[in-house]
Each structure stands twice: as structure tokens, then as C-alpha cells.
Amino acid sequence: MGAAIMTAANAMQSNERALSPEQQPNADALVKRLADTLHRLNEQIEAAVKAGATVELIRASRYHNGIGQWGDQMMPIVRLPDIPDRD
């Protein structure tokens, strides 16, 4: 496979090399905020699956900043089990 998976720590180290010193504190805070948000998202996905849903994340778009960096923007596909009407 060969695809690298970037953890929050790897992302912060990568940012340290790419950004100037005056940009660094802001970048670290943004990476931590992203990691925290993803953690909360994963908790919500687990809760939805435990409740019977199937959850799939797909790339909805790719955001480019115009100077070489990009990020995938995600969209959830949620499938709920068929529940018979209780008439």
C-alpha cells in the first residue's frame, strides 16, 4: 500500500518545517483543534453505529489555498436500518 497516515503529532512536526516562526504558534493551535474535533467526530460515529446506523465518510470536495496546500472536506453518508411501522 505505502500510503502514509498522518497523526496529529506528525502533522504538527510537518507544520514546523513548512511555516515561519511567527506562523508556528497559530499552526500548532489549529492542528490541535483539528485533532480534537476529529476525536469528537469519531466518538459521535461510534455512538451512531452503536445505535444501529451505518456511517461512511466520503470526500465532498478538496479545498486548496492557492499556494500548494490542500485539505479534503468530508461528508457523512448515514444509513439507518429499516424500522417497520407500528400501526
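Starting from region 74-85, take each residue that is among the basic types (Lys, Arg) and list its partners that are modelled with pLDDT of 95 or more, counting only C-beta distances under 7 angstrom and pairs at least six apart or across chains. Filtered contacts from region 74-85: 79/53; 79/54.
Within region 63-77, restricting attention to residues that are outside any loop (DSSP other than H, G, I, E, B) and closer than 18 Å to residue 30 by Cα, which residue is farthest from the chain's Cα centre (by Cα)? First the steps, then the outcome.
Keep residues of region 63-77 that are outside any loop (DSSP other than H, G, I, E, B), which gives 63-64, 70-77.
Now narrow it down to the ones that are closer than 18 Å to residue 30 by Cα: 63-64, 70-74.
Details: 63: 13, 64: 16, 70: 13, 71: 10, 72: 8, 73: 8, 74: 7 Å.
Out of the qualifying residues, it is 64.
In region 35-62, what residues are in a loop (DSSP other than H, G, I, E, B) and either surrounded by 10 or more Cβ atoms within 10 Å (Cβ to Cβ) or charged (D, E, K, R) (or both)? Break it down into steps so the answer makes sense when it comes.
First, pick out the residues of region 35-62 that are in a loop (DSSP other than H, G, I, E, B): 51-53.
Residues satisfying the conditions are 52, 53.
The values are calculated or read from the model by the stated rules, or taken from the named source; none is laboratory data. Since this is a predicted model, take the numbers as computed values, not measurements. Reconstructed Cβ throughout: ideal geometry from the backbone, glycine too, with neighbour counts over all protein chains shown.
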